[in-house]
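Taking it in order: structure first as C-alpha coordinates, then the write-up.
The values are calculated or read from the model by the stated rules, or taken from the named source; none is laboratory data. None of the values given here were measured: they were computed from a predicted structure. Note that we place each Cβ from the backbone using ideal geometry, even for glycine, and neighbour counts take in every protein chain shown. Each accessible area value is taken on the protein alone, full model and side chains, heavy atoms only, with ligands, DNA and RNA left out. Shrake-Rupley method; radii C 1.70, N 1.55, O 1.52, S 1.80 Å.
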Amino acid sequence: MGDKNIALKVKREAPKNDNELNFIPVYMPDISGNEKAYVVDCLDTNWISSIGIYTEKFEKSCADFIGTPHAIGVSNGTVALHLALHCLDIGPNDEVIVPTFTYIASVNAIAQTGATPVFVDCRLEDWLLDPKDVEAKITPRTKAIMPVHLYGIICDMEAIKEIADKHNLAIVEDCAEAMGSSLNGQHAGTFGDIGTFSFFGNKTITTGEGGLVIAADGVLAARMRKVKGQGQSLDKRYWHDELGFNYRLTNICAAIGVAQIERIDAILDRKRAIARLYRELLQDTDVAFQAQRDGLVSSDWLISLLLPAHVNRDAVMQGMRDKGVDSRPVFYCAHQMPMYKLDTSFPVSEDIARRGISLPSYPALTDGDVKRVVSVLKEQM
Ligand SMILES: *Cc1c(COP(=O)(O)O)cnc(C)c1O
(Lines give C-alpha, C1' and ligand atoms only; values in the text may rest on other atoms or scores of the structure.)
Protein backbone atom coordinates (compact mmCIF):
# COMPACT_ATOMS: atom_id res chain seq x y z
CA MET A 1 0.00 0.00 0.00
CA GLY A 2 3.04 2.28 0.38
CA ASP A 3 2.88 4.16 -2.90
CA LYS A 4 -0.86 4.58 -2.84
CA ASN A 5 -0.72 6.00 0.63
CA ILE A 6 1.60 8.71 -0.59
CA ALA A 7 -0.52 9.30 -3.67
CA LEU A 8 -3.60 9.79 -1.52
CA LYS A 9 -2.14 11.83 1.28
CA VAL A 10 -4.40 14.70 2.28
CA LYS A 11 -3.14 17.84 3.95
CA ARG A 12 -5.18 18.57 7.03
CA GLU A 13 -5.25 21.93 8.73
CA ALA A 14 -3.48 22.10 12.05
CA PRO A 15 -5.94 21.16 14.83
CA LYS A 16 -7.07 24.05 17.02
CA ASN A 17 -7.39 21.95 20.17
CA ASP A 18 -7.18 18.39 21.52
CA ASN A 19 -10.75 17.50 20.53
CA GLU A 20 -10.05 18.44 16.96
CA LEU A 21 -6.74 16.66 16.94
CA ASN A 22 -8.25 13.24 16.48
CA PHE A 23 -11.58 14.10 14.93
CA ILE A 24 -12.57 11.78 12.09
CA PRO A 25 -15.05 13.41 9.67
CA VAL A 26 -17.38 11.45 7.39
CA TYR A 27 -15.68 12.70 4.28
CA MET A 28 -12.94 14.82 2.83
CA PRO A 29 -11.81 14.90 -0.76
CA ASP A 30 -8.31 13.85 -1.69
CA ILE A 31 -6.90 16.71 -3.74
CA SER A 32 -3.24 15.88 -3.37
CA GLY A 33 -2.40 15.26 -7.03
CA ASN A 34 -2.17 17.65 -9.98
CA GLU A 35 -5.29 19.61 -9.01
CA LYS A 36 -3.42 22.75 -7.99
CA ALA A 37 -1.08 22.73 -11.01
CA TYR A 38 -3.98 22.36 -13.45
CA VAL A 39 -6.06 25.09 -11.77
CA VAL A 40 -3.06 27.44 -11.84
CA ASP A 41 -2.67 26.59 -15.53
CA CYS A 42 -6.27 27.76 -16.13
CA LEU A 43 -5.49 31.04 -14.39
CA ASP A 44 -2.17 31.51 -16.18
CA THR A 45 -3.72 30.89 -19.60
CA ASN A 46 -6.90 32.94 -18.90
CA TRP A 47 -9.25 30.01 -19.62
CA ILE A 48 -11.34 30.32 -16.48
CA SER A 49 -14.85 29.92 -17.87
CA SER A 50 -16.38 26.91 -19.59
CA ILE A 51 -14.25 26.88 -22.74
CA GLY A 52 -10.82 25.29 -22.45
CA ILE A 53 -8.73 22.16 -22.76
CA TYR A 54 -9.69 20.74 -19.36
CA THR A 55 -13.44 20.57 -20.04
CA GLU A 56 -12.74 18.53 -23.17
CA LYS A 57 -10.09 16.41 -21.50
CA PHE A 58 -12.31 15.68 -18.52
CA GLU A 59 -15.22 14.60 -20.70
CA LYS A 60 -12.93 12.33 -22.72
CA SER A 61 -11.38 10.78 -19.58
CA CYS A 62 -14.81 10.16 -18.06
CA ALA A 63 -16.13 8.62 -21.28
CA ASP A 64 -13.11 6.28 -21.45
CA PHE A 65 -13.31 5.32 -17.78
CA ILE A 66 -17.05 4.63 -17.89
CA GLY A 67 -17.00 3.02 -21.33
CA THR A 68 -19.50 5.25 -23.12
CA PRO A 69 -19.28 7.07 -26.46
CA HIS A 70 -20.71 10.37 -25.16
CA ALA A 71 -19.99 12.17 -21.88
CA ILE A 72 -20.97 15.80 -21.33
CA GLY A 73 -19.81 17.85 -18.37
CA VAL A 74 -22.38 19.98 -16.54
CA SER A 75 -22.39 22.21 -13.46
CA ASN A 76 -23.62 19.66 -10.91
CA GLY A 77 -25.37 16.32 -10.50
CA THR A 78 -28.80 17.86 -10.00
CA VAL A 79 -28.84 19.74 -13.30
CA ALA A 80 -27.47 16.59 -14.94
CA LEU A 81 -30.71 14.86 -13.91
CA HIS A 82 -32.85 17.79 -15.02
CA LEU A 83 -31.09 18.00 -18.39
CA ALA A 84 -31.55 14.26 -18.91
CA LEU A 85 -35.29 14.36 -18.17
CA HIS A 86 -35.84 17.54 -20.19
CA CYS A 87 -34.07 16.06 -23.24
CA LEU A 88 -36.26 12.95 -22.99
CA ASP A 89 -39.18 15.41 -23.39
CA ILE A 90 -40.49 14.76 -19.90
CA GLY A 91 -42.69 17.54 -18.52
CA PRO A 92 -46.12 18.47 -17.17
CA ASN A 93 -48.68 15.60 -17.08
CA ASP A 94 -45.92 12.98 -17.12
CA GLU A 95 -44.95 10.71 -14.26
CA VAL A 96 -41.47 9.49 -13.39
CA ILE A 97 -40.94 6.58 -11.01
CA VAL A 98 -38.27 7.17 -8.36
CA PRO A 99 -37.43 5.54 -5.01
CA THR A 100 -38.65 7.55 -2.01
CA PHE A 101 -35.42 6.54 -0.30
CA THR A 102 -32.90 8.70 -2.18
CA TYR A 103 -31.13 12.03 -1.98
CA ILE A 104 -33.68 14.78 -2.59
CA ALA A 105 -32.00 15.94 -5.83
CA SER A 106 -33.36 12.89 -7.70
CA VAL A 107 -36.90 13.91 -6.83
CA ASN A 108 -36.41 17.68 -7.20
CA ALA A 109 -35.10 17.23 -10.76
CA ILE A 110 -38.32 15.43 -11.73
CA ALA A 111 -40.50 18.11 -10.12
CA GLN A 112 -38.47 20.84 -11.86
CA THR A 113 -39.57 19.51 -15.27
CA GLY A 114 -43.22 19.85 -14.19
CA ALA A 115 -43.63 16.06 -14.11
CA THR A 116 -44.86 14.21 -11.02
CA PRO A 117 -42.42 12.06 -9.05
CA VAL A 118 -44.13 8.74 -8.26
CA PHE A 119 -42.51 7.08 -5.28
CA VAL A 120 -41.71 3.41 -4.91
CA ASP A 121 -40.41 1.41 -1.99
CA CYS A 122 -37.00 -0.29 -1.76
CA ARG A 123 -35.88 -3.81 -1.04
CA LEU A 124 -34.58 -4.44 2.47
CA GLU A 125 -31.61 -6.47 1.24
CA ASP A 126 -29.98 -3.80 -0.97
CA TRP A 127 -31.95 -0.62 -0.06
CA LEU A 128 -32.61 0.01 -3.78
CA LEU A 129 -35.82 0.48 -5.69
CA ASP A 130 -38.01 -2.59 -5.75
CA PRO A 131 -38.89 -3.67 -9.32
CA LYS A 132 -42.16 -5.21 -8.06
CA ASP A 133 -43.29 -1.87 -6.72
CA VAL A 134 -42.15 -0.14 -9.93
CA GLU A 135 -44.46 -2.38 -11.96
CA ALA A 136 -47.33 -1.69 -9.56
CA LYS A 137 -46.97 2.10 -9.91
CA ILE A 138 -47.03 2.32 -13.72
CA THR A 139 -49.94 4.32 -15.16
CA PRO A 140 -50.71 5.54 -18.71
CA ARG A 141 -48.83 8.75 -17.77
CA THR A 142 -45.59 7.06 -16.73
CA LYS A 143 -42.73 8.19 -18.98
CA ALA A 144 -39.57 7.08 -17.22
CA ILE A 145 -37.98 5.17 -14.35
CA MET A 146 -35.13 6.66 -12.33
CA PRO A 147 -33.09 3.96 -10.56
CA VAL A 148 -30.68 5.44 -8.00
CA HIS A 149 -27.53 3.40 -7.33
CA LEU A 150 -27.24 4.41 -3.68
CA TYR A 151 -23.88 4.28 -1.94
CA GLY A 152 -22.37 2.60 -5.00
CA ILE A 153 -24.56 -0.50 -5.20
CA ILE A 154 -26.22 -1.00 -8.61
CA CYS A 155 -30.00 -1.55 -8.80
CA ASP A 156 -31.52 -4.68 -10.30
CA MET A 157 -31.10 -3.35 -13.84
CA GLU A 158 -32.17 -6.58 -15.61
CA ALA A 159 -35.58 -6.45 -13.94
CA ILE A 160 -35.90 -2.68 -14.41
CA LYS A 161 -34.95 -2.86 -18.08
CA GLU A 162 -37.48 -5.62 -18.66
CA ILE A 163 -40.25 -3.48 -17.15
CA ALA A 164 -39.12 -0.40 -19.10
CA ASP A 165 -39.05 -2.31 -22.39
CA LYS A 166 -42.45 -3.87 -21.75
CA HIS A 167 -44.07 -0.47 -21.05
CA ASN A 168 -41.94 1.62 -23.43
CA LEU A 169 -40.42 3.75 -20.66
CA ALA A 170 -37.11 5.62 -20.61
CA ILE A 171 -34.50 4.92 -17.92
CA VAL A 172 -32.41 7.70 -16.34
CA GLU A 173 -29.87 6.22 -13.92
CA ASP A 174 -28.82 8.48 -11.06
CA CYS A 175 -25.18 7.40 -10.69
CA ALA A 176 -24.11 10.30 -8.45
CA GLU A 177 -22.78 7.76 -5.94
CA ALA A 178 -21.71 5.11 -8.42
CA MET A 179 -18.65 6.43 -10.26
CA GLY A 180 -16.53 3.24 -10.43
CA SER A 181 -19.46 0.84 -9.86
CA SER A 182 -20.04 -1.93 -12.37
CA LEU A 183 -22.13 -5.05 -12.82
CA ASN A 184 -20.53 -7.91 -14.76
CA GLY A 185 -18.01 -5.40 -16.10
CA GLN A 186 -20.64 -2.91 -17.29
CA HIS A 187 -20.37 0.51 -15.67
CA ALA A 188 -23.33 2.13 -13.90
CA GLY A 189 -25.14 4.58 -16.16
CA THR A 190 -24.78 2.50 -19.33
CA PHE A 191 -27.80 0.23 -18.72
CA GLY A 192 -30.50 2.83 -19.39
CA ASP A 193 -30.93 5.70 -21.86
CA ILE A 194 -29.00 8.30 -19.84
CA GLY A 195 -26.71 8.09 -16.82
CA THR A 196 -25.93 11.08 -14.60
CA PHE A 197 -23.04 11.68 -12.21
CA SER A 198 -22.12 14.22 -9.52
CA PHE A 199 -18.67 15.55 -8.64
CA PHE A 200 -19.57 17.36 -5.43
CA GLY A 201 -16.77 17.56 -2.86
CA ASN A 202 -17.73 14.36 -1.06
CA LYS A 203 -18.29 12.18 -4.12
CA THR A 204 -15.84 9.51 -5.30
CA ILE A 205 -14.07 12.05 -7.49
CA THR A 206 -14.76 15.77 -7.29
CA THR A 207 -14.58 18.93 -9.36
CA GLY A 208 -15.75 21.08 -6.44
CA GLU A 209 -19.20 21.37 -7.98
CA GLY A 210 -19.80 19.48 -11.18
CA GLY A 211 -21.67 16.73 -12.93
CA LEU A 212 -21.88 14.63 -16.07
CA VAL A 213 -24.48 13.10 -18.35
CA ILE A 214 -23.74 10.09 -20.53
CA ALA A 215 -25.69 8.46 -23.35
CA ALA A 216 -24.98 5.86 -25.99
CA ASP A 217 -27.38 7.53 -28.42
CA GLY A 218 -25.54 10.21 -30.40
CA VAL A 219 -28.67 12.21 -31.21
CA LEU A 220 -29.72 12.37 -27.56
CA ALA A 221 -26.16 13.27 -26.49
CA ALA A 222 -25.98 16.08 -29.06
CA ARG A 223 -29.29 17.44 -27.84
CA MET A 224 -28.06 17.45 -24.23
CA ARG A 225 -24.86 19.24 -25.29
CA LYS A 226 -26.90 21.86 -27.08
CA VAL A 227 -29.53 22.36 -24.36
CA LYS A 228 -26.94 22.69 -21.57
CA GLY A 229 -25.43 25.63 -23.52
CA GLN A 230 -28.60 27.79 -23.80
CA GLY A 231 -29.91 25.72 -26.69
CA GLN A 232 -27.31 27.26 -28.98
CA SER A 233 -26.91 25.47 -32.30
CA LEU A 234 -23.77 23.31 -32.19
CA ASP A 235 -22.59 24.77 -35.50
CA LYS A 236 -24.02 28.32 -35.61
CA ARG A 237 -23.09 30.65 -32.76
CA TYR A 238 -25.84 32.78 -31.21
CA TRP A 239 -28.49 30.81 -33.05
CA HIS A 240 -30.87 29.28 -30.50
CA ASP A 241 -33.69 27.17 -31.88
CA GLU A 242 -34.90 25.53 -28.69
CA LEU A 243 -35.23 26.29 -24.99
CA GLY A 244 -31.93 25.85 -23.23
CA PHE A 245 -30.19 26.29 -19.89
CA ASN A 246 -26.77 27.39 -18.72
CA TYR A 247 -25.60 24.12 -17.17
CA ARG A 248 -21.96 24.43 -18.27
CA LEU A 249 -19.01 23.06 -16.28
CA THR A 250 -16.12 25.51 -15.91
CA ASN A 251 -12.62 24.79 -17.16
CA ILE A 252 -11.34 25.36 -13.59
CA CYS A 253 -13.67 22.72 -12.16
CA ALA A 254 -12.82 20.38 -15.02
CA ALA A 255 -9.10 20.94 -14.32
CA ILE A 256 -9.66 19.59 -10.79
CA GLY A 257 -11.60 16.70 -12.33
CA VAL A 258 -8.78 15.81 -14.74
CA ALA A 259 -6.36 15.55 -11.82
CA GLN A 260 -8.90 13.49 -9.87
CA ILE A 261 -9.62 11.00 -12.62
CA GLU A 262 -5.88 10.48 -13.12
CA ARG A 263 -5.92 8.90 -9.64
CA ILE A 264 -9.38 7.31 -9.66
CA ASP A 265 -8.08 3.74 -9.56
CA ALA A 266 -6.00 4.45 -6.45
CA ILE A 267 -8.91 6.29 -4.82
CA LEU A 268 -11.30 3.40 -5.52
CA ASP A 269 -8.78 0.76 -4.39
CA ARG A 270 -8.33 2.50 -1.07
CA LYS A 271 -12.06 3.04 -0.54
CA ARG A 272 -12.74 -0.63 -1.30
CA ALA A 273 -10.05 -1.72 1.15
CA ILE A 274 -11.66 0.50 3.80
CA ALA A 275 -15.06 -1.06 3.06
CA ARG A 276 -13.65 -4.59 3.37
CA LEU A 277 -12.06 -3.72 6.69
CA TYR A 278 -15.33 -2.28 8.07
CA ARG A 279 -17.23 -5.42 7.02
CA GLU A 280 -14.62 -7.68 8.57
CA LEU A 281 -14.45 -5.75 11.87
CA LEU A 282 -18.25 -5.57 12.17
CA GLN A 283 -19.11 -9.13 11.16
CA ASP A 284 -19.58 -10.25 14.77
CA THR A 285 -22.29 -7.60 15.38
CA ASP A 286 -25.98 -7.30 14.39
CA VAL A 287 -25.46 -4.46 11.92
CA ALA A 288 -26.60 -5.12 8.34
CA PHE A 289 -24.81 -3.91 5.23
CA GLN A 290 -26.40 -3.54 1.78
CA ALA A 291 -26.31 -6.91 0.00
CA GLN A 292 -23.95 -7.12 -2.97
CA ARG A 293 -24.78 -9.61 -5.67
CA ASP A 294 -22.26 -11.64 -7.68
CA GLY A 295 -20.71 -9.62 -10.48
CA LEU A 296 -21.15 -6.32 -8.66
CA VAL A 297 -18.13 -4.11 -8.07
CA SER A 298 -19.16 -1.20 -5.86
CA SER A 299 -17.62 2.25 -5.72
CA ASP A 300 -18.03 1.83 -1.95
CA TRP A 301 -18.86 5.51 -1.86
CA LEU A 302 -20.07 5.75 1.74
CA ILE A 303 -19.98 2.74 4.01
CA SER A 304 -23.52 2.58 5.31
CA LEU A 305 -25.25 0.10 7.56
CA LEU A 306 -28.46 -0.57 9.44
CA LEU A 307 -28.31 -0.59 13.21
CA PRO A 308 -30.40 -3.24 14.98
CA ALA A 309 -34.03 -2.15 15.52
CA HIS A 310 -33.69 -1.82 19.32
CA VAL A 311 -30.82 0.68 19.08
CA ASN A 312 -31.50 4.45 19.12
CA ARG A 313 -29.70 5.60 15.97
CA ASP A 314 -29.49 9.28 16.82
CA ALA A 315 -28.11 8.56 20.30
CA VAL A 316 -25.44 6.29 18.79
CA MET A 317 -24.41 9.04 16.38
CA GLN A 318 -24.22 11.61 19.20
CA GLY A 319 -22.19 9.20 21.35
CA MET A 320 -19.76 8.65 18.49
CA ARG A 321 -19.43 12.38 17.88
CA ASP A 322 -18.62 12.92 21.56
CA LYS A 323 -15.73 10.51 21.04
CA GLY A 324 -14.48 12.41 18.00
CA VAL A 325 -15.98 10.25 15.25
CA ASP A 326 -18.49 11.76 12.86
CA SER A 327 -21.20 9.80 11.08
CA ARG A 328 -24.34 10.81 9.25
CA PRO A 329 -27.86 9.48 9.00
CA VAL A 330 -28.81 7.88 5.69
CA PHE A 331 -31.27 9.92 3.62
CA TYR A 332 -34.76 10.65 4.93
CA CYS A 333 -37.58 9.47 2.66
CA ALA A 334 -38.75 12.01 0.09
CA HIS A 335 -42.44 11.24 0.75
CA GLN A 336 -41.94 12.52 4.31
CA MET A 337 -40.71 15.95 3.18
CA PRO A 338 -43.33 18.74 3.26
CA MET A 339 -43.40 19.41 -0.50
CA TYR A 340 -43.75 15.73 -1.44
CA LYS A 341 -45.79 14.60 1.56
CA LEU A 342 -47.90 11.48 1.08
CA ASP A 343 -49.94 9.54 3.58
CA THR A 344 -49.08 6.28 1.85
CA SER A 345 -46.56 4.23 3.75
CA PHE A 346 -43.35 2.82 2.31
CA PRO A 347 -42.46 0.46 5.13
CA VAL A 348 -39.05 -0.76 3.94
CA SER A 349 -37.78 2.71 3.02
CA GLU A 350 -39.04 4.14 6.30
CA ASP A 351 -37.31 1.38 8.25
CA ILE A 352 -33.98 1.93 6.42
CA ALA A 353 -34.23 5.72 6.82
CA ARG A 354 -34.76 5.28 10.57
CA ARG A 355 -31.95 2.79 11.23
CA GLY A 356 -29.24 3.62 8.70
CA ILE A 357 -25.97 5.44 9.28
CA SER A 358 -23.01 6.23 7.05
CA LEU A 359 -19.51 5.96 8.46
CA PRO A 360 -16.30 7.83 7.59
CA SER A 361 -15.32 6.61 4.12
CA TYR A 362 -12.70 8.92 2.65
CA PRO A 363 -9.55 7.60 0.98
CA ALA A 364 -7.07 9.13 3.44
CA LEU A 365 -8.53 7.11 6.35
CA THR A 366 -5.88 4.80 7.76
CA ASP A 367 -6.60 1.25 8.90
CA GLY A 368 -6.07 2.58 12.43
CA ASP A 369 -8.78 5.22 11.87
CA VAL A 370 -11.23 2.53 10.68
CA LYS A 371 -10.50 0.43 13.76
CA ARG A 372 -11.15 3.45 15.97
CA VAL A 373 -14.47 4.18 14.21
CA VAL A 374 -15.55 0.57 14.71
CA SER A 375 -14.58 0.42 18.37
CA VAL A 376 -16.38 3.70 19.09
CA LEU A 377 -19.46 2.40 17.24
CA LYS A 378 -19.39 -0.92 19.13
CA GLU A 379 -19.22 0.92 22.48
CA GLN A 380 -22.45 2.77 21.58
CA MET A 381 -24.49 -0.27 20.58
C1 LIG B 1 -24.98 14.03 -4.77
C2 LIG B 1 -26.22 13.46 -5.36
C3 LIG B 1 -26.97 14.14 -6.33
C4 LIG B 1 -26.78 15.59 -6.68
O5 LIG B 1 -25.55 15.98 -7.05
P6 LIG B 1 -25.10 17.51 -6.85
O7 LIG B 1 -23.82 17.54 -7.61
O8 LIG B 1 -24.93 17.74 -5.39
O9 LIG B 1 -26.13 18.39 -7.45
C10 LIG B 1 -28.04 13.49 -6.91
N11 LIG B 1 -28.38 12.24 -6.55
C12 LIG B 1 -27.71 11.57 -5.60
C13 LIG B 1 -28.15 10.19 -5.27
C14 LIG B 1 -26.62 12.15 -4.96
O15 LIG B 1 -25.97 11.48 -4.01
- Within the range 89-103, considering residues that are away from the ligand (no atom under 13 Å from the Cβ) and surrounded by fewer than 24 Cβ atoms within 10 Å (Cβ to Cβ), the one nearest to P147 (Cα to Cα): E95
- Filtered residue count, the range 356-369, keeping only those that are more than 27 Å from F101 (Cα to Cα) and not polar (S, T, N, Q): 5
- Message: closer than 13 Å to F197 by Cβ and at pLDDT 95 or above: which single residue out of A111, A105 fits that description?
- Response: A105
- Find the residue count for the range 235-248, including only residues that are among the hydrophobic types (A, V, I, L, M, F, W, C) and surrounded by 11 or more Cβ atoms within 10 Å (Cβ to Cβ). 1
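Among residues belonging to the range 51-88 that are away from the ligand (no atom under 16 Å from the Cβ) and open to solvent by less than 30 Å² (accessible area, probe 1.4 Å), point out the one that is nearest to V258 (Cα to Cα).
First, pick out the residues of the range 51-88 that are away from the ligand (no atom under 16 Å from the Cβ): 51-57, 59-61, 63-70, 87-88.
Next cut, open to solvent by less than 30 Å² (accessible area, probe 1.4 Å) only: 52, 54-55, 59, 63, 66, 68, 87.
Details: G52: 12, Y54: 7, T55: 9, E59: 9, A63: 12, I66: 14, T68: 17, C87: 27 Å.
In this case the residue turns out to be Y54.
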- Note on the structure: For helices (runs of 4 or more DSSP H) lying entirely in the range 271-381, having 1 or more residues that are open to solvent by 20 Å² or more (accessible area, probe 1.4 Å) and in contact with a Ser or Thr (Cβ under 8 Å, 6 or more places away or on another chain) picks out 313-322, 367-380
- Return a yes/no flag: does the range 156-163 have any residue that is more than 15 Å from the ligand (Cβ to nearest atom), in contact with an Asp or Glu (Cβ under 7 Å, 6 or more places away or on another chain) and assigned to a helix (DSSP H, G or I). yes
- Message: If I filter the range 104-118 down to residues being over 13 Å from K341 (Cα atoms) and of a type in the set (S, T, Y), which single residue comes out as farthest from the ligand (Cβ to nearest atom)?
- Response: T113
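State all residues of the range 192-221 that are away from the ligand (no atom under 16 Å from the Cβ) and either in contact (Cβ under 8 Å) with a residue 40 or more places away in the chain or among the charged types (D, E, K, R) (or both); if no residue qualifies, say none. If you could, list the steps in order and put the result at the bottom.
Going through the range 192-221, the residues away from the ligand (no atom under 16 Å from the Cβ) turn out to be 193, 215-221.
Result: D193, A215, A216, D217, G218, L220, A221.
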- Go through the range 170-184 and count every residue that is in a loop (DSSP other than H, G, I, E, B), more than 10 Å from the ligand (Cβ to nearest atom) and buried (at least 22 other Cβ atoms within 10 Å of the Cβ). 3
- Message: Given the condition on the phi > 0 side of the Ramachandran plot and within 24 Å of the chain's Cα centre (by Cα), answer yes or no: does some residue in the range 214-225 qualify?
- Response: no
- Item | Where a residue in the range 132-155 is within 12 Å of the ligand (Cβ to nearest atom) and its partner, wherever it lies, is modelled with pLDDT of 95 or more and part of a helix (DSSP H, G or I), with Cβ under 8 Å and at least six apart | M146/L81; M146/S106; M146/I110; P147/M157; P147/I160; V148/S106
